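A quick write-up on the structure given underneath.
The values are calculated or read from the model by the stated rules, or taken from the named source; none is laboratory data. Owing to the predicted nature of the structure, the values given are computational and were not obtained by experimental measurement. Cβ: placed from backbone, ideal geometry, glycine included. Neighbour counts: every protein chain shown. SASA here: full protein model, heavy atoms, side chains in, ligands and nucleic acids out. Shrake-Rupley method; radii C 1.70, N 1.55, O 1.52, S 1.80 Å.
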Amino acid sequence: MKALAIILIVAGIAMVIVRGFSVQTEKKVLDVGPLEVNKTENKWIGWPTYAGGLIAIVGVVLLVSSNRKR
């Protein structure tokens with residue numbers, strides 16, 4: 001349980017610091033015989049800042065509750 005709690009804390013802090021990431025996708029626009037035209041698009045995948053905070057808080061609660069049981 002402690003390992004899960006530590007992983008959640010680290011992931012939550014990372015989510016607060018890094019708000020998301022960009023992914024490049026390639027989309028086929030035109031395909032006529034031997035001629036092919038592609039378009040590269042950047043898509044942003046992000047999450048709200050409070051989500052990382054909530055995950056870190058859940059990790060802290062798990063860590064504290066696992067220490068109290070012993």
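Please determine, by comparing only the residues of region 18-46 that are hydroxyl-bearing (Ser, Thr, Tyr) and under 21 Å from the mean Cα position of the chain (by Cα), which one is most open to solvent (accessible area, probe 1.4 Å).
As a first pass, look at region 18-46 and keep what is hydroxyl-bearing (Ser, Thr, Tyr): 22, 25, 40.
Narrowing the set further to residues that are under 21 Å from the mean Cα position of the chain (by Cα) leaves 22, 25.
Numbers: SER22: 73, THR25: 48 Å².
Taking the candidates together, the pick is SER22.
Going through region 1-55 one residue at a time, which ones are assigned to a loop (DSSP other than H, G, I, E, B) and not small (Gly, Ala, Ser)?
To start, the set of residues in region 1-55 that are assigned to a loop (DSSP other than H, G, I, E, B) comprises 1, 18-19, 33-34, 47-48.
Of everything in region 1-55, those that are assigned to a loop (DSSP other than H, G, I, E, B) and not small (Gly, Ala, Ser) turn out to be MET1, VAL18, ARG19, PRO34, TRP47, PRO48.
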* Limited to region 1-17, what total is found for residues that are within 15 Å of ALA51 (Cβ to Cβ) and open to solvent by 70 Å² or more (accessible area, probe 1.4 Å)? -> 3
* Single condition THR49 does not satisfy, out of (1) open to solvent by 100 Å² or more (accessible area, probe 1.4 Å); (2) touching a residue at least 24 places away in the same chain (Cβ under 8 Å); (3) polar (S, T, N, Q) -> (1)
* Consider SER66 carefully, then state whether it is within 28 Å of LYS2 (Cα to Cα), open to solvent by less than 100 Å² (accessible area, probe 1.4 Å) and touching a residue at least 12 places away in the same chain (Cβ under 8 Å). => yes
